[in-house]
Structures are given as C-alpha cells and as structure tokens.
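Data block below; observations after.
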Amino acid sequence: MKKNIILYSAAILLELLLLAGCVDRPENVVKVNWLPQLFPNYDGVTIPAEIAPLNFNYSGDCQTMDVVVRGSKGGIIHTNGDYADFDVDEWHELALQNKGGKLIFTVTVEKDGKWKQYKDFSVIVSTDALGDWGLTYRLIPPGYEVFGKMGLYQRDLSNFDQTPIIENTAVPGACFNCHVSNRTNPNQFTFHIRGGHGATLIQQYGKFQLLKAKNDSLHGSMVYPYWHPNGKFIAYSTNQTHQSFYAVRSRRVEVFDQSSDILIYQPDTHQIILNPVIMTKDHYENYPVFSPDGRTLYFVSSQAWDIPAHYKDIKYNLCKVGFNPMTGKTIGKVDTIFNARVMNKSANHPRPSYDGKFLLFTMSDYGCFPIWHKEADQWLLDLRTGKARPLSEINSSNSDSYHNWSANSHWIVFTSRRGNGYYTNLYLAHVNADGTMGKPFLLPQRNPWKYYDETVNSFNTPDFTSRPVKMNVREVANSIISDNRIPTRIY
C-alpha cells in the first residue's frame with residue numbers, strides 16, 4: 001500500500017513538473033490524428049515487464065522529441081531530447097506496475113519552434129515473466145568464406161549491456177558456430193569451432209573439453225548440437241557443408257549439405273553412439289533436438305540427391321524417433337510428424353517448447369539453410385493435435401528463420417531480415433496459451449537508429465540464457481590454438 005502511494009505521488013509530481021515548465025515542454029501544440037513514424041515501430045507489441053526500455057527514434061525531421069508514457073494502471077515517465085531515451089529504473093518501475101495492462105505513449109515533436117502531437121500508441125505488458133536473464137547470439141559480418149571479426153555474445157535483456165563470451169580476436173581465423181546451452185542453463189554449453197584450429201568445445205560447470213573436430217570414421221564435423229535434458233548426452237548432426245553463389249541479384253548465396261547424419265555423444269566417456277535409423281545412406285538427417293522429457297528425438301530428414309545439381313530437390317520433413325535416456329540408443333522406427341515435401345516445401349530448425357506443447361520450425365522452398373531464403377517463414381506444430389500452421393502474426397515478407405524458446409515457454413526469439421533485407425536482426429514475441437503469438441518487437445537498443453544503421457554484423461543463432469555464460473577466455477583460446485584435442489570413440 002505504501003509503495004502504491006509513493007508511485008502515485010511520484011506520478012502527480014511529474015505531472016506538476018511538466019505543467020510548471022521544469023522541462024523543455026511542448027507549447028501551443030497542434031494535435032494530429034495519426035500515429036508518428038518511429039523506429040522501431042512498437043505500436044501494439046507485447047512485452048515482458050523485465051525488458052529493457054523501448055527507446056525509439058523519430059523518422060521525420062525534428063529538433064526535439066518529447067515523450068510521455070502513462071500506465072493504464074498508474075504511473076508516468078517522461079523523456080525529452082533527440083530521441084526517446086528512457087531511464088532504465090523508471091522504465092522498469094512503470095512496466096512492473098502495469099503488468100496485465102498497457103503503456104500509453106504520447107509523442108510530440110518540435111520543428112522550427114512549432115510543436116506537433118501525434119495520436120497515442122500503446123504497448124501491452126504481459127503478465128508472463130521473461131523468465132531468463134538474457135540472450136546469447138553470434139554476431140558475424142557478411143564475409144561469406146573469409147572470417148572477419150566475429151564472436152559469441154550475451155546481452156542482458158533488462159538493459160543494453162552486451163558482453164563477449166568469446167571473440168575470434170583471441171583465436172585469429174576461427175569461426176565460432178552454433179552454440180547451445182541445456183534448456184537455457186549455461187552450466188552446460190557447447191559450440192563448434194571452424195577454421196585452422198577446428199574443434200568442438202563442451203563446457204560443463206566451469207570445466208571444458210575440446211574434441212577433435214572430426215572422427216576418422218565419420219564424414220563430417222559435429223555441427224548442430226542439442227543437449228539431452230539429463231545432461232548426459234548431446235545430439236549432434238555431422239555435416240559436409242558447402243556454399244555457392246548466385247549470378248542474380250535476388251539471391252546471393254546457397255548453403256547445402258552433401259551429406260549429413262545424426263550421432264549421440266556422451267561427454268563423460270567421450271563416446272559417440274551410432275544409431276542406424278538416423279544415419280541412413282539414402283537420406284540426409286539434420287537438426288536434432290530432444291523432447292522436454294528426453295524420450296523423443298526430433299529431427300529433419302530429406303531424400304538424398306546428387307548435389308549441387310539437384311539442390312532445389314532437397315525437401316526436409318519433420319521426423320521423430322523414440323530415445324532411451326539411459327543408453328543413448330534410439331527406440332523403434334522413425335515417424336514423420338509433418339510432411340513438408342508433399343507441400344513442395346522444406347522444414348528445418350525444429351525447436352520444441354520446454355512445456356512440451358509445441359514445436360517451432362522454419363519452412364522454406366528447399367534446402368536446410370533458410371536464413372538466405374526470402375520466403376522462409378516461422379511455423380508452429382501443436383504436438384497435442386498434430387496440426388501445424390504458419391505464424392502469420394509474426395512472419396514478414398523477408399526471411400524469418402532461426403529461433404529458440406525461453407525456459408518458461410512464454411517467449412520466443414527469432415532472426416529476421418525484415419527491414420533492409422541484408423542483415424538479420426533479433427525479434428522477440430510473446431506466446432499465448434493457445435499457441436497464438438503477440439506482435440513481435442525488435443531487440444531494444446539505447447539509440448536504435450544509430451545502432452542498427454551503423455552495425456556491420458548480422459545476429460545469428462540466438463538463444464535465451466538463464467544467467468551470464470562464464471568462460472575463461474584466455475584458457476579456452478590457448479587450448480584452441482594448441483591443437484590438443486580429445487579423440488572421440490565410436491560405441
């Protein structure tokens with residue numbers, strides 16, 4: 001009760017300050033009945049109360065922008081300047097007070113001494129908590145074959161702090177690829193390293209091991225990983241990946257596999273467990289993931305074709321097979337749970353929600369690397385009914401591809417090329433109980449226009465993390481450069 005009185009008093013005080021002219025307040029305002037052109041456009045998005053302030057820029061020409069945010073359940077904050085730059089603590093206090101309500105934004109801009117006030121817009125504050133500390137992701141320039149400066153990074157979602165997990169400035173020429181933690185828990189973390197010092201790194205509870213990139217009995221490297229919920233196994237795809245370039249402007253690069261299988265790795269014994277049903281000669285198996293109870297292995301599978309001549313004939317279906325969490329062996333036959341091939345499409349990047357209700361995947365025309373496919377869209381399979389649908393509420397006219405779930409299954413993060421079509425950025429969306437999703441919002445930045453206009457990197461392979469990833473970068477880098485590797489054994 002006392003806290004509510006304080007917040008109410010603070011709101012009244014701010015109103016009085018605005019009226020008293022203690023800030024550069026708008027005067028002789030002309031009101032218009034349309035929304036302002038802002039970047040990013042946050043009108044109607046659904047956010048968690050814990051998210052960083054939704055700062056934004058005015059897309060037109062103005063000298064000053066004045067923004068007042070009022071909560072439908074009370075509270076008010078104000079900012080005035082070149083762009084909307086909200087105080088982090090004030091923002092969170094207002095957002096938490098309005099969980100289950102809305103934040104109403106009033107934007108007024110000044111040009112040549114004249115003020116114009118636009119129609120208000122609102123943001124929905126979900127009752128569902130974010131549930132995770134932040135995000136992990138890869139930042140990589142569009143250098144294709146040549147590895148420029150890149151790395152794995154983490155971002156505190158409550159503010160704008162980004163820190164490197166590891167960068168290739170510590171290991172020149174390396175490319176850190178396809179990282180994943182166990183159900184957003186960074187105590188178990190793995191990623192693949194490409195380049196002259198190739199390896200697969202597995203870190204558990206502060207201790208790491210570097211595996212030999214390839215087993216002599218296998219054709220490819222251990223590439224796309226996923227932890228078993230019990231932490232005793234990791235499913236990896238083993239891929240022979242290549243890329244080629246188009247001679248037309250509408251498409252730039254195509255990435256394809258000339259072979260791919262799935263193996264199960266046991267970190268404690270360094271053993272690779274082979275299962276014939278997910279290592280067939282006439283099919284490409286890829287993108288393995290475990291169900292939350294650990295008793296099902298989901299993956300994608302395509303008929304094998306002569307590559308690259310028939311690269312457009314590669315069409316992946318969503319499949320599953322039973323899994324024994326004690327032995328690491330598959331159980332029974334492979335079942336197709338979604339046939340994309342009959343739709344002349346290709347399904348990739350399966351990701352089950354941690355509550356076991358849904359499976360998120362990407363649909364494109366062909367292949368297994370939809371990040372460069374403009375037609376790529378997000379789809380959702382209801383595991384209880386077997387029905388799948390395109391997520392029209394979050395999809396765009398450009399590539400919407402890689403994605404992951406928050407630990408509480410109420411939020412997703414995904415990559416999208418909406419905007420300029422050249423760089424992938426991160427969007428977050430709220431997931432309702434019935435699987436419908438709220439309007440997605442661009443990952444907030446301190447000064448969004450400056451950040452996204454000046455960045456030369458694409459976001460890649462995002463995931464939620466329950467807390468910061470801790471890694472002794474010097475020790476890890478020295479070990480990578482040393483080329484000392486643990487050989488794996490076939491079981």
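The values are calculated or read from the model by the stated rules, or taken from the named source; none is laboratory data. Note that the structure is a prediction, hence the values are computed from the model and not measured. In this analysis, Cβ positions are derived from the backbone assuming ideal geometry, glycine residues included, and neighbour counts consider all displayed protein chains.
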Exercise. Any residue in segment 324-332 that is under 23 Å from SER416 (Cβ atoms) and in the same structural domain as PRO276 (by TED's automatic domain parsing)?
Worked result: no
Exercise. From the list ARG194, ARG138, ARG155, which one is at pLDDT 95 or above, within 27 Å of ASN478 (Cα to Cα) and out of contact with any Ser or Thr (no Cβ under 6 Å at 6 or more places or on another chain)?
Worked result: ARG155
For this session: List the number of the failed condition for TYR311; all other conditions in (1) at pLDDT 95 or above; (2) in contact with a strand residue (DSSP E or B) (Cβ under 8 Å, 6 or more places away or on another chain) hold.
Result: (1)
Problem set entry | Selection within segment 145-161 - of a type in the set (Lys, Arg) and surrounded by 15 or more Cβ atoms within 10 Å (Cβ to Cβ) | ARG155
For this session: Test ILE104 against the criterion of being outside any loop (DSSP other than H, G, I, E, B) and in contact (Cβ under 8 Å) with a residue 40 or more places away in the chain, and give yes or no.
Result: no
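Condition check ((1) under 14 Å from the mean Cα position of the chain (by Cα); (2) hydrophobic (A, V, I, L, M, F, W, C); (3) at pLDDT 95 or above) across all residues:
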residue: MET363; (1), (2), (3): no, yes, yes
residue: SER396; (1), (2), (3): no, no, yes
residue: HIS403; (1), (2), (3): yes, no, yes
residue: TRP449; (1), (2), (3): no, yes, yes
residue: TYR452; (1), (2), (3): no, no, yes
Seminar exercise, completed: Reported set for segment 76-101 where residues are assigned to a strand (DSSP E or B) and under 26 Å from the mean Cα position of the chain (by Cα) is ALA84
Exercise. Looking at segment 468-491, which of the residues that are surrounded by 14 or more Cβ atoms within 10 Å (Cβ to Cβ) and among the hydroxyl-bearing types (Ser, Thr, Tyr) is nearest to ILE264 (Cα to Cα)?
Worked result: TYR491
Problem set entry | Those residues of segment 93-115 which are within 16 Å of MET65 (Cα to Cα), acidic (Asp, Glu) and surrounded by 18 or more Cβ atoms within 10 Å (Cβ to Cβ), in sequence order | GLU110
Seminar exercise, completed: Listed by first then second residue, the pairs whose first member lies in segment 226-238 and is outside the structural domain of ASN404 (by TED's automatic domain parsing) and of a type in the set (S, T, N, Q), whose partner is surrounded by fewer than 23 Cβ atoms within 10 Å (Cβ to Cβ) and in a strand (DSSP E or B), with beta carbons under 6 Å and at least 6 positions apart or on separate chains, are none
Problem set entry | Candidates PRO142, PRO186, PRO164, filtered to the one that is outside any strand (DSSP E or B) and either assigned by TED's automatic domain parsing to the domain that holds TYR427 or surrounded by fewer than 17 Cβ atoms within 10 Å (Cβ to Cβ) (or both) | PRO142
Exercise. Of everything in segment 423-467 that's part of a strand (DSSP E or B) and among the β-branched types (Val, Ile, Thr), which residue is surrounded by the fewest Cβ atoms within 10 Å (Cβ to Cβ)?
Worked result: THR461
For this session: Test PRO390 against the criterion of being within 21 Å of THR46 (Cα to Cα) and in contact with an Asp or Glu (Cβ under 9 Å, 6 or more places away or on another chain), and give yes or no.
Result: yes
Exercise. Taking ASP434 and the conditions (1) within 24 Å of ALA129 (Cβ to Cβ); (2) in contact with a strand residue (DSSP E or B) (Cβ under 6 Å, 6 or more places away or on another chain), which numbered condition does it fall short on, given that it satisfies the others?
Worked result: (2)
Problem set entry | Residues located in segment 468-491, provided they are hydrophobic (A, V, I, L, M, F, W, C) and not in a helix (DSSP H, G or I) | VAL469, MET471, ILE486, ILE490
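Residue-by-condition table, conditions (1) outside the structural domain of VAL180 (by TED's automatic domain parsing); (2) over 28 Å from the mean Cα position of the chain (by Cα); (3) farther than 19 Å from MET222 by Cα; (4) among the aromatic types (Phe, Trp, Tyr):
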position	(1), (2), (3), (4)
PRO276	no, yes, no, no
MET279	no, yes, no, no
GLU285	no, no, no, no
VAL289	no, no, no, no
HIS310	no, yes, yes, no
For this session: Would you confirm whether any residue within segment 174-195 is hydrophobic (A, V, I, L, M, F, W, C), over 30 Å from PHE86 (Cα atoms) and in contact with a helix residue (DSSP H, G or I) (Cβ under 9 Å, 6 or more places away or on another chain)?
Result: yes
